[in-house]
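Below: the structure, in C-alpha cells.
The values are calculated or read from the model by the stated rules, or taken from the named source; none is laboratory data. Not measured: the values here are computed from a predicted model. Glycine gets a Cβ as well: all are built from the backbone with ideal geometry, and neighbour counts include every protein chain shown. Protein only, heavy atoms only, side chains kept; ligands, DNA and RNA dropped before computing areas. Shrake-Rupley method; radii C 1.70, N 1.55, O 1.52, S 1.80 Å.
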Amino acid sequence: MPKVQASRRGKMQPPEGWSDLEPTLEEFKQKMRDAENESTSGKRKVESTWAVMRVHHQRSRYIYDLFFKRKAISREIYDYCLKNGYADGNLIAKWKKQGFEKLCCLQCIQPRDTNYGTTCICRVPKEKLEKGRTVECVHCGCRGCANIAYYNASYAHMF
C-alpha cells in the first residue's frame, strides 16, 4: 500500500474533474489516519492491520467502480489516482479477471504466504465449508471473498 502522494507545486496538476472526486478521497484519507492511529490494545497481532486493509480496499473499490462500472471519471483522473497512490492498480487488475471480482487483498491469493502453498481460507466458497463455521482471513479480516457463481460454473465443467 503506497502512501498517497501530495502533488508538487507546478509539477503534477490534477486533471480536470478532480474537484468532484477530491472530497471523497479526503474522507478516505481521514479514515486511513484514524485506522493507523487506532489503539491495538486488546487485539491479536494480526488484527492490528485489518482496519488499514479495509480502508485501502474501500478506496480502491470506489475508484474502480467510478471508472469501470459507472464510467463517471475519465481515464486521466483514473491514471492520476493510480500514479499518486489513491488506488491499488494490481488489486484493480485482479478485480477485472473472472473469479476475482470480490477479492479482498492480494495477499489472499499468494500461495507463498500460507502454510500449505494454497490460497487463503477466505477464498473458499461458503457452501464448501462446514456448516456454522466462521471464517476470518489472517491477512485482512475478510470473511469470504470467493465468487460463488464462478466456482459453481467451474465445478460443473470439471466432472
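At 0.36 nm per residue, minus the direct Cα-Cα distance, what do Thr114 and Asn37 gain on full extension? Give it in nm, one decimal, please.
Result for the pair: 24.9 nm of gain on full extension.
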Set Lys43/Lys69; Lys94/Lys126; Lys43/Lys128; Lys83/Lys131 screened for pairs whose C-alpha atoms are more than 32 Å apart: Lys43/Lys69; Lys83/Lys131
Along the charge dipole of region 21-94, which of Tyr80, Ile63, Leu91 sits closest to the positive end, that is, farthest toward it, with unit charges on the beta carbon of Lys, Arg, Asp and Glu (+1, +1, -1, -1)? Leu91
Report the convex hull volume per residue for the chain, counting only C-alpha atoms, in Å³. 149 Å³
Just the accessible area per residue of region 65-131, please: how many Å² with a 1.4 Å probe? 62 Å²
Accessible surface of the chain [probe 1.4 Å, protein heavy atoms]: carbon and sulfur percent: 48 percent
Might you report the magnitude of the Cβ-based charge dipole of the chain about its Cα centre, with Lys and Arg at +1 and Asp and Glu at -1, to the nearest 20 debye? 300 debye
